[in-house]
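One structure is given below, encoded as structure tokens.
The values are calculated or read from the model by the stated rules, or taken from the named source; none is laboratory data. Here the structure is a predicted model, which is why all the values come from computation and not from measurement. Cβ sites come from the backbone with ideal geometry, for glycine too, and all protein chains shown count toward neighbours. Please note that ligands, DNA and RNA were not included when accessible areas were found on the heavy atoms of the full protein model with its side chains. Shrake-Rupley method; radii C 1.70, N 1.55, O 1.52, S 1.80 Å.
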Amino acid sequence: MSRPRYVMTVDTKTCVGCNACVLACKSENGLPEQGYRDWIVTETTGAFPNLFQEIRSERCNHCDRSPCVSACPTGASYRQEDGIVLVDPAKCTGCKACIAACPYGARYVHPRGFVDKCTFCVHRLTAGKQPACVDICPTDSLTFGDLNDPRSAVSRLLKSRRHKTLLPEEGLLPHVFFLI
Amino acid sequence: MSDISRRSFIKIGTAGAGAAAVGSGLLSQWWGLDSSAMPDPQTDGDQVIPTFCELCFWKCGVLAHVRDGRVTKITGNPEHPLSRGRLCPRGTGGIGLLYDPDRLKKPLVRTGKRGAEQFTEVSWDAALDRVAEGMLRLRERHGPEALALFSHGYGGSWFKHLLKAYGSANIAAPSYAQCRGPREVGFELTFGQGLGSPEPLDIENTRCLTLIGGHLGENMHNTQVQDMARAISRGAQLVVVDPRFSTAAGKAKYWLPIKPGTDLALLLAWMHVIISEKLYDADYLQQHAIGFDQLKAHVADKTPDWAYPHTGIRPELIAETARFIAGAKPASIIHPGRRTTWYGDDTQRQRAVAILAALLGSWGRRGGFLLPSGMDLPAFPYTSYHHKPKTIADKPKQTLYPLAGETLASGLCDATMKGDFPYNLKGWIVYGSNLIQALPDPRQTQKAIEGLEFMVAVDVLPSEICGWADVVLPECTYLERCDDVHAPSYKEPYVAVRQPVIEPMYDAKPGWWIAREIAHRIGLEDYFPWKDSFEYAKHRVKQAGYSCAELQKKGVLRGKQVPVCQEEGLALSFDTPSGKIELHSEALKNLGFHPIPEYSPPEEGPPGMFRLLFGRAPMHTFGRTSNNRFLSQVFDENEVWINSRVARGLPGFEERPLKTGDKVVLVNQDGVKSNPVRARVTERIRGDCVYMVHGWGHTAKGLRYARGRGASDSELITRYKVDPIMGGTGMNVNFVRLEPLPEQLS
């Protein structure tokens with residue numbers, strides 16, 4: 001069996017942008033007031049009355065080619081073999097090089113001096129649980145799982161639904177997929 | 001392994017047991033997970049206690065994680081049929097209410113003028129003695145009916161009981177005449193029963209969901225939003241009628257940006273198409289309905305061409321959507337909404353929604369309206385109310401609003417000051433209901449209060465209404481108290497428990513204790529024979545034959561499932577005068593109202609002004625949560641939405657065209673000005689109206705966070721149109737213009 005590759009899918013057809021994911025993340029991870037590991041983007045295009053709208057719950061894309069990891073001078077930013085990109089707060093000096101390198105705006109400086117971002121709730125995964133945002137989502141728009149397992153829910157969704165990633169032109173191979 | 005349902009490994013009970021149950025087997029699902037240097041944030045509770053939410057009225061089951069005596073997080077209870085393990089943002093935000101530094105902490109007694117918010121802290125004994133004294137004096141001078149109770153929230157049950165024992169039937173909540181009342185009456189007239197809460201809509205199984213005015217998704221009724229998402233995933237389509245491109249409109253097959261106030265014209269035109277093209281459920285109507293021929297004649301001339309100049313919706317689009325909606329019947333829901341008090345003809349509009357449901361045959365059908373019942377829990381026995389109270393005081397001369405099914409909160413407010421009522425109210429108890437924002441025209445409410453001899457507020461936060469009370473009693477939050485058990489009518493019958501998660505903070509007390517203490521001081525102790533609310537709730541659960549221990553452990557117990565629609569074998573019956581669905585209502589006719597809804601155009605606003613519309617954001621409940629600092633992290637002030645084309649030519653903004661984020665002042669047709677509020681210049685709204693989220697622009701000094709944030713729509717609702725059928729206050733009848741702020745905040 002191959003090693004897992006953890007990914008998330010976000011269903012823009014069902015997401016209502018309620019922010020439950022944002023707040024569940026904040027309370028699960030005890031984030032500071034100004035710190036957000038996920039956020040909602042509502043994009044409206046067209047002119048009244050011919051409008052199109054897409055709502056996305058966004059977070060770190062856990063890119064295969066993660067510029068934040070390359071930019072990190074101390075090795076605090078790293079990518080696990082399962083694809084999850086993390087910051088070791090003990091090694092992070094808060095230099096913000098990773099913040100400059102990330103085109104997705106996924107990182108912020110924690111008041112305690114280190115850079116923080118989405119971990120896919122890795123502490124929950126090790127306990128056999130789903131990320132907090134996935135568990136709370138009232139519209140069941142978020143799905144997390146192993147892309148290398150063809151039977152996983154994410155694999156099935158990515159096979160059956162049209163999808164996209166953000167800023168594909170950056171060539172970073174992001175691993176949060178938006179079902180459209 | 002990946003097929004294992006996420007629910008199967010979420011365990012309730014203590015965290016220890018839960019973790020043990022997760023154990024080894026499931027870890028193998030994540031076998032390849034790297035060992036990580038990431039520290040655990042330590043927010044899992046050492047105790048996980050189930051209860052139900054009170055951030056809004058939906059009452060979802062939650063799990064409160066308590067670690068070292070502190071609530072660290074609130075998650076959904078997978079066992080609870082309304083939350084199914086998932087929560088809206090407000091549910092998670094209960095911690096923001098619990099730990100709000102502005103909470104009422106001690107009983108207060110007024111020292112200054114009413115409304116000046118000057119109080120002194122007193123002991124519970126002193127405060128309760130004061131309340132008891134006031135109630136006894138009021139009864140002696142004016143009789144018990146002179147005391148009214150305004151109540152919102154589940155803990156209000158103890159005070160309703162107190163008031164009935166005291167001898168007054170003047171008990172009201174703004175949730176009727178300011179909210180869902182017209183809908184209830186419209187459906188009662190048509191089908192013989194209202195919808196109640198949670199509304200028994202089978203959105204999950206519907207094939208077409210039509211929202212007319214409601215904005216589900218922003219209106220965050222957890223279960224309904226979950227069901228809407230499930231329906232979308234299963235291929236259901238949305239038709240959204242809204243002057244604003246709502247979240248739901250963004251997901252709809254059809255968006256009909258209707259001119260505000262003309263919904264009834266559209267509904268009649270839809271009926272016309274459905275009837276003239278024979279798209280209705282003929283067998284269903286034949287069997288269950290009366291008045292079809294009259295309806296057919298009534299809508300014969302209500303063509304899409306007729307409706308077009310009223311609604312602004314092209315005739316072809318009206319016809320096409322009518323066919324689309326009918327094509328999905330009977331699994332086609334025209335959502336009746338919840339706050340339906342818009343234009344004063346709201347019962348008739350809701351009648352039209354109900355009549356359409358009948359034409360589609362969706363009442364009592366899968367994917368339509370279900371007919372559920374609740375679990376039967378016997379009441380705790382107590383002395384029967386011996387005082388036969390005088391008629392309720394809410395209607396002038398007892399003749400107006402003949403079909404009001406509940407007491408009118410606005411009517412009680414009126415009866416406090418005007419002469420046409422059977423008697424005047426002299427005292428108010430206000431439980432958890434910020435009447436200054438909930439009733440139209442706050443000036444009128446303030447005037448009524450000024451005439452009171454006695455007023456008590458029971459609340460968690462020092463909202464505006466508390467500033468007007470003689471005595472303010474601090475209630476603890478839902479996370480610190482036990483209330484009555486909750487067993488509503490729902491397709492899956494259940495009983496849920498509200499139990500304290502931590503001890504009450506500060507000197508706040510649970511509502512049951514406050515009501516009981518007052519009763520004991522005024523000789524009504526026989527009516528409160530229970531030691532505490534636990535004894536009360538346990539008695540009911542035990543009498544019904546359920547295990548209290550299991551209920552406390554799981555938070556919810558399921559009852560026996562019974563058929564809720566025809567497809568499950570339910571036989572339809574209708575509690576109307578004819579025993580049938582009444583497309584034509586003889587009852588309305590006899591009262592001098594149109595037996596079938598008749599459209600009349602709304603009054604136009606003054607030139608250059610916009611109709612003021614208001615609604616909901618998913619992160620907030622009315623004005624109750626605007627001080628919640630946790631929720632404010634995702635929504636911290638409301639904005640006024642204005643069409644971008646209109647904004648470009650806005651008078652007064654020639655020098656500096658209005659941009660999103662600029663602060664403006666709204667001035668209504670009576671010259672009332674709002675607090676400065678940020679503009680949102682957008683394509684997502686028609687040009688003849690503006691929109692804002694209700695519940696902002698607080699003025700109460702004690703709401704240190706919310707005070708001055710955004711603008712209050714209530715403040716601008718100086719006019720309202722009363723529904724002659726049931727007394728609902730139509731509040732979408734005000735108009736505003738925008739004024740720039742001299743010094744712009746960037």
I need the phi-derived Karplus couplings for the stretch A:27-42: 6.51 cos²θ - 1.76 cosθ + 1.60, θ = phi - 60°, integer Hz, Gly and Pro marked x. 7, 4, 9, x, 6, x, 3, 8, x, 10, 9, 9, 7, 10, 10, 10
Probe radius 1.4 Å, ligands and nucleic acids left out: which of B:W530, B:W468, B:W513 has the largest accessible area, and how do the rest follow? B:W513, B:W468, B:W530
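With all distinct Cα pairs included, what does the Kirkwood hydrodynamic radius of the stretch A:23-180 come out to in Å, to one decimal, could you say?
Values: mean 1/r = 0.0596 Å⁻¹.
Hydrodynamic radius (Kirkwood, Cα pairs) of the stretch A:23-180 is 16.8 Å.
With a ≥ b ≥ c the root eigenvalues of the C-alpha gyration tensor of chain B, is it rounded (a/c under 1.5), prolate (a/b larger than b/c) or oblate?
Cα axes put chain B in the rounded bin.
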Just from the alpha-carbon atoms, what are the Rg and Dmax of the stretch B:174-273 in angstroms? 14.0, 37
Suppose R0 equals 41 Å; then what is the FRET efficiency for B:T391 and B:E603 from their Cβ-Cβ distance, rounded to the nearest 0.05? 0.75
Computed ³J(HN,Hα) along the stretch B:571-579: with the Karplus parameters 6.51/-1.76/1.60, θ = phi - 60°, integer Hz and x for glycine or proline, the list is 8, 7, 9, 10, 8, 9, x, 8, x
Using the Karplus curve 6.51 cos²θ - 1.76 cosθ + 1.60 with θ = phi - 60°, what ³J(HN,Hα) values do you get for each residue of the stretch B:668-674, in whole Hz, with x for Gly and Pro? 8, 4, 9, x, 6, 9, 8
In whole percent, the fraction of accessible protein surface over chain A that belongs to carbon or sulfur atoms, probe radius 1.4 Å, stands at 53 percent
Suppose only helical runs count, i.e. DSSP H with n ≥ 4. What mean residue ellipticity at 222 nm does that imply for chain A under -39500 (n - 2.57) per run, divided by all residues and rounded to the nearest 500 deg cm²/dmol? -4500 deg cm²/dmol
Contact surface B-A: accessible area buried, both sides summed, square angstrom, 1.4 angstrom probe: 4800 Å²
Eligible lysines near B:K418 by straight Cα distance, threshold 17 Å, same-chain separation 8 or greater: B:K395, B:K397, B:K426, B:K447
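My understanding is that a pair violates if its Cα-Cα distance is over 28 Å; which of B:K390/B:K509; B:K160/B:K390; B:K259/B:K721 do that in this structure?
The pairs that break the limit, which is 28 Å between Cα atoms, are B:K390/B:K509.
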With the 1.4 Å probe rolled over protein heavy atoms, the protein assembly as shown has an accessible area per residue in Å² of 36 Å²
Using the scaling law 2.2 N^0.38 Å as the reference, what is the normalised Cα Rg of the protein assembly as shown? 0.94
Pull out the extension gain between B:D283 and B:Q561, defined as 0.36 nm times the separation in residues minus the alpha carbon to alpha carbon distance; nm, one decimal. 97.3 nm
Interchain or long-range residues, amide H under 5 Å from A:S77's placed H: A:D88
Partner lysines whose C-alpha sits under 20 Å from that of B:K73, ignoring same-chain residues fewer than 8 away, are A:K26, A:K117, A:K129, B:K11, B:K59, B:K553, B:K554
Might you report the magnitude of the Cβ-based charge dipole of the stretch B:396-532 about its Cα centre, with Lys and Arg at +1 and Asp and Glu at -1, to the nearest 20 debye? 300 debye
Label model pair A:T93, B:R137: point-to-point distance (7 angstrom along the Cα→beta-carbon line) in nm is 7.2 nm
Ignoring the sites themselves, what is the longest stretch of chain A with no GluC sites (Glu not before Pro) in a DSSP loop and at most 16 other beta-carbon atoms within 10 Å? A:82-180
Lysines within cross-link reach of B:K560: Cα-Cα under 17 Å, excluding same-chain residues under 8 positions apart? B:K491, B:K542
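For chain B, what does the helix formula give at 222 nm: sum of -39500 (n - 2.57) over DSSP H segments with n ≥ 4, over the residue count, nearest 500 deg cm²/dmol? Show your work: numbers first, answer last.
Working: 22 runs with 200 residues, N = 746.
About -7500 deg cm²/dmol.
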In peptide B:87-98, what is the residue-averaged number of other protein chain Cβ atoms found within 10 Å of each Cβ? 5
Under-5 Å amide H pairs with B:S373, H placed in peptide plane, nonlocal only: B:Y490
Can you tell me, using C-alpha contacts under 8 Å and at least 6 residues apart, the relative contact order of the stretch B:289-361 as a whole percent? 25 percent
Over chain B, relative contact order from alpha-carbon pairs under 8 Å, at least 6 apart, %: 18 percent
Just give the residues from the stretch B:619-635 buried by at least 10 square angstrom of accessible area in the all-chains context relative to the isolated chain, probe 1.4 Å, and say none if nothing qualifies. B:M619, B:F630, B:Q633, B:V634
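Between A:R151 and B:D376, take the C-beta separation as r, use R0 = 41 Å, and let me know the FRET efficiency to the nearest 0.05. Display every interim value, and only then the final one.
Working: r = 45 Å, r/R0 = 1.09.
After rounding to 0.05, the efficiency reads 0.35.
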Got a number for carbon plus sulfur as a percent of chain B's accessible area, 1.4 Å probe? 49 percent
Whole-angstrom Cα spans of the stretch B:179-372 along principal axes, big to small: 41, 36, 33
